[in-house]
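The values are calculated or read from the model by the stated rules, or taken from the named source; none is laboratory data. As the structure is a prediction and not an experimental result, all values here were calculated from the model. Cβ atoms come from the backbone with ideal geometry, glycine included; neighbour counts cover every protein chain shown.
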Amino acid sequence: MKIRNNIAVSETGFVFDPNSGDSFTLNETGKQILNMLSEGKTGSEIKHFFIENFEVEVTTFENNFSEFLMMLQGLNLVEE
Amino acid sequence: MTTKKRYERPIITKINAGVTDKFGMRPKMPIISKIEGVAITDIIAKYGSPAFVISEKTIRKTYNEAKRAFSTRYPNVQFAWSYKTNYLDAVCQIFHSEGAWAEVVSGFEYDKAIANGIPGNKILFNGPDKSKDDLIKAVENGAFIHLDHFDELYELLSIADTSKKRPKVAIRVNMDTGVYPLWDRFGFNYENGEAWNALNRIMLSEKMDLVGLHTHIGTYMMTPDPYAVAASKLAELAVRVDKKYNHKIKYIDMGGGFASKNTLKGAYLPGKDTCPSFDQYAEAITNALINSELDPNKMPTLFLETGRALIDDAGYLVGTVLANKRLSNGRRSMIVDVGVNMLFTSFWYEHEIYPVKEVSANAEDTTIYGPLCMNIDVIRDVIKFPLLQKDDNYVIKRIGAYNMTQWMQFITLRPNIVLIDINGNTHIIREKETNESLTSHERVPAYLK
Amino acid sequence: MKPKYTIAVTSLNNTDNPGAGVPVIRGLREAKSFDVRIIGLVYENLEPGIYMENVADKIYQIPYPSAGSDVFMERIEYIHSKENIDVIIPNFDAELFTFMKSEHVLKDMGIKTFLPTIKQFEERHKSELPEFGKKYGFDIPFSKTITNLSDIKNLQYEFNYPVLVKGKFYDAYLAYTPEQVIEFFNKISSKWGVPVIIQEFIKGTEVNVIALGDGKGNTIGSVPMRKQYITDKGKAWGGITLGDKNLMKITKDLIKKTKWKGGMELEFIKTQENKYYIIEINPRIPAWVYLAVGAGQNLPEALVKLALGENVEPFKSYDVGKMFVRYSQDIIADISVFEKLSMIGEL
């Protein structure tokens, strides 16, 4: 899954979608994921990064990650 | 080895670009990790989830605040603990140890008060449902019987014929105090002369002692003014009785109905900002009595039966998040292990609910559902809530009134109720139910076995 | 040399349903007796005053009062620690109660206000107006508060249709049938809660007065105005100052009897028979305050001086026949401004 290339994430976690005109905020983990997706990282790379660096169980992260991706899809921020 | 970073569920939230409407920037939600110094996670580990928690310290503090508010303004004040608000024996005993009498509204509550060691002459017996046996018992024990209707008055007169003791009675008066809705289903009406009529019948019967006048004007009164109106009207009745029969009323009972600091559904400002303080209620009531025609040398005792405002703050519900899910419209929903079967008051309050451990400022609009398989099981319709995960704990504040009496055993069993004493020790004051506690009351006819 | 004060002003929502923040600031910037540094306090990230030139020197987002006065005051305290505010002028109805309740907390921080007392605020509530009229001797349309839909069917016994259906803080609709009352009740109660007020509809011309009371019974200033053009939201699009002596008399009388403290707006219906019914008392400066400034009474300036404890001489006159016409204009802004406010809450 890839973030649409005209989507930019600012330092503060602010996202502006030039296609729809909507803006969004991300929390720290959300920002991290969005940036990694923009860099073209795969789902499993992202998962490993989080398990290595954050206090989180694998199942919890997988669960949250797939929900987050569904939200990004729902908001039309990703391209297949 | 490097320490890992704190994790939070990733979220993305649309910024609603808007002009002024009523909800906007919300600051970070505070957390409550301890109740009276006891860690909530420890309470859950020891007593299970969910659990009711009651703070003895808060009960005593609140009681003394109320007492101070009234007794600094009026010479003789007596509180009577409203059993229906919370009749756990341990809770009642705390109030009684502070000097509160008992205010009961059924034979069941009456017997509970007696079993708690309260003598009949410190029990106010209210309510429309007092059986003949209840009345006989109350007369024998010298309890104060608050008459609700004429049928009861006549029944008591016939009991008085055969009893060795004279019944001690008050009448409950309902009246227009300018509030809506008008509570006219209890007692005798003031405006149409029914109350005055009842008083005359009692006095002319010469079979009972008219000792008091009682009213209970409504519930969750957000302004103290109606109490002033009610107190003036009761004072006026007392003065009339004195003029006509040269008989002094011993007490005026203003009932209850004081609001706690909860926020009613539909209210814009939170209850903690808008609900009157004990001082404001006391000011309204005592000014009305002091400025009335009552004989200043023989002022009647002022009775108060406030329940909710004395116990709500002392009660907490602690529990655990069962699951998070997304509703079809994208809104987050969170399922918790406390439902409306235990938190009856969530039908009319926007209960305050807090995380137990540190959270970030991020929050999402969330609907909080209870665990019941019932559509009505909603704890909060919408609340900007931090990103709790499954198995995280939460605490619901200010639930001490009515929930532990109006609760239902439905789908799940009722949990432990834990008291934190003045020294921070915890005690179970009501054991959690087991299947046995319910099935022991059931009987299966032999042919079905 | 003129002193310079830091003044925080709320409600920069200069939309077609405007708050008074921006015109109050215009008045303050034209004050003859002091200079100002303006701190704009906003609830939403699109309030036009945020983006307008020469309105606020600094912007802070604040939480709505519905979050509770404790968190609200925490935010004000933070802003005060950065800006050292001398005076706050709140202009949003729903926040007034919180500010009045916190008057002492603000005072202890060193922030002055000049607000009505809680008693003055409470007794002029739309739902309390009939009582207010009785107590002080003013004509008020008959009204009743309702808290649920089942009350609506009984209205026919006490009212003739049409009736006005009004919200606790804002909004008023004219309903010709019980069905319309139901519709407006739902609309209003979902936004502003209950009670909803049902008011007798008085036929006549609406006239308004802006006034400032010193809290001792004196009227420091007052200017009457008739709306010349009304938007579909019921707001004035254009208005003109009037020379109606009766209006001034009633206003002075009301301020004297109530010892009104602070800014206010009185809304009247003047009937064919020259009777003046008070239909609303708003306990704050109205959005058309700049007309009063233009007509010679800088009421925001006077209010700040009163807040600072200075002696203020009442205004003796104003220009009759001064007009205001509202206009709308597009401001061009960059999304970075929007981002900064949305993410950090200050600008």
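Restricting attention to region B:12-22, does a residue exist that is assigned to a loop (DSSP other than H, G, I, E, B), at pLDDT 95 or above, away from chain A (no Cβ under 14 Å) and surrounded by fewer than 18 Cβ atoms within 10 Å (Cβ to Cβ)? No, every residue in region B:12-22 fails to be assigned to a loop (DSSP other than H, G, I, E, B), at pLDDT 95 or above, away from chain A (no Cβ under 14 Å) and surrounded by fewer than 18 Cβ atoms within 10 Å (Cβ to Cβ). Being outside any helix (DSSP H, G or I), more than 14 Å from C:Leu303 (Cβ to Cβ), within 12 Å of chain B (Cβ to nearest Cβ) and among the small types (Gly, Ala, Ser) is the requirement here; does C:Gly19 meet it? Criteria met by C:Gly19. The single residue among B:Tyr227, B:Tyr220 that is in contact with a strand residue (DSSP E or B) (Cβ under 8 Å, 6 or more places away or on another chain), at pLDDT 95 or above and within 21 Å of B:Arg185 (Cα to Cα) turns out to be B:Tyr227. With a requirement of 2 or more residues that are among the β-branched types (Val, Ile, Thr) and touching a helix residue (DSSP H, G or I) at 6+ places or on another chain (Cβ under 7 Å), the helices (runs of 4 or more DSSP H) lying completely within chain A that satisfy it span A:43-53. Residues that are away from every other protein chain (no Cβ under 14 Å), assigned to a loop (DSSP other than H, G, I, E, B) and buried (at least 18 other Cβ atoms within 10 Å of the Cβ) occur in region B:201-213; there is at least one.
Scanning region B:236-288 for residues that are within 14 Å of chain C (Cβ to nearest Cβ), farther than 27 Å from B:Ala198 by Cβ, part of a helix (DSSP H, G or I) and small (Gly, Ala, Ser) gives a single hit, B:Gly271.
Within region C:1-16, restricting attention to residues that are more than 12 Å from every other protein chain (Cβ to nearest Cβ) and of a type in the set (Ser, Thr, Tyr), the residue that is nearest to C:Arg75 (Cα to Cα) is C:Thr6. Remark: A:Ser10 falls outside the filter, which requires a residue to be exposed (fewer than 12 other Cβ atoms within 10 Å of the Cβ), within 13 Å of chain B (Cβ to nearest Cβ), under 16 Å from B:Ile12 (Cα atoms) and over 12 Å from the mean Cα position of the chain (by Cα).
Put simply, of C:Lys187, C:Lys144, C:Lys134 the only residue that is on the phi < 0 side of the Ramachandran plot, loosely packed, with under 14 Cβ neighbours inside 10 Å and among the charged types (D, E, K, R) is C:Lys134.
When A:Ile46 is tested against (1) within 7 Å of chain B (Cβ to nearest Cβ); (2) buried (at least 16 other Cβ atoms within 10 Å of the Cβ), just one condition goes unmet, and that condition is (1). The residue list B:Leu327, B:Leu372, B:Leu388, B:Leu322 contains one member that is modelled with pLDDT under 90, more than 23 Å from the chain's Cα centre (by Cα) and of a type in the set (A, V, I, L, M), which is B:Leu327.
In the set (1) among the hydrophobic types (A, V, I, L, M, F, W, C); (2) surrounded by 15 or more Cβ atoms within 10 Å (Cβ to Cβ); (3) more than 14 Å from chain C (Cβ to nearest Cβ), B:Leu327 fails one condition alone, (2).
Restricting the search to strands (runs of 3 or more DSSP E) fully inside region B:325-418 and requiring at least 2 residues that are touching a residue at least 60 places away in the same chain (Cβ under 8 Å) and closer than 22 Å to B:Tyr220 by Cβ gives B:393-397. The helices (runs of 4 or more DSSP H) falling completely within region C:31-112 that include 1 or more residues that are within 13 Å of chain B (Cβ to nearest Cβ) and more than 30 Å from A:Asp22 (Cβ to Cβ) map to C:69-83, C:93-101, C:103-109.
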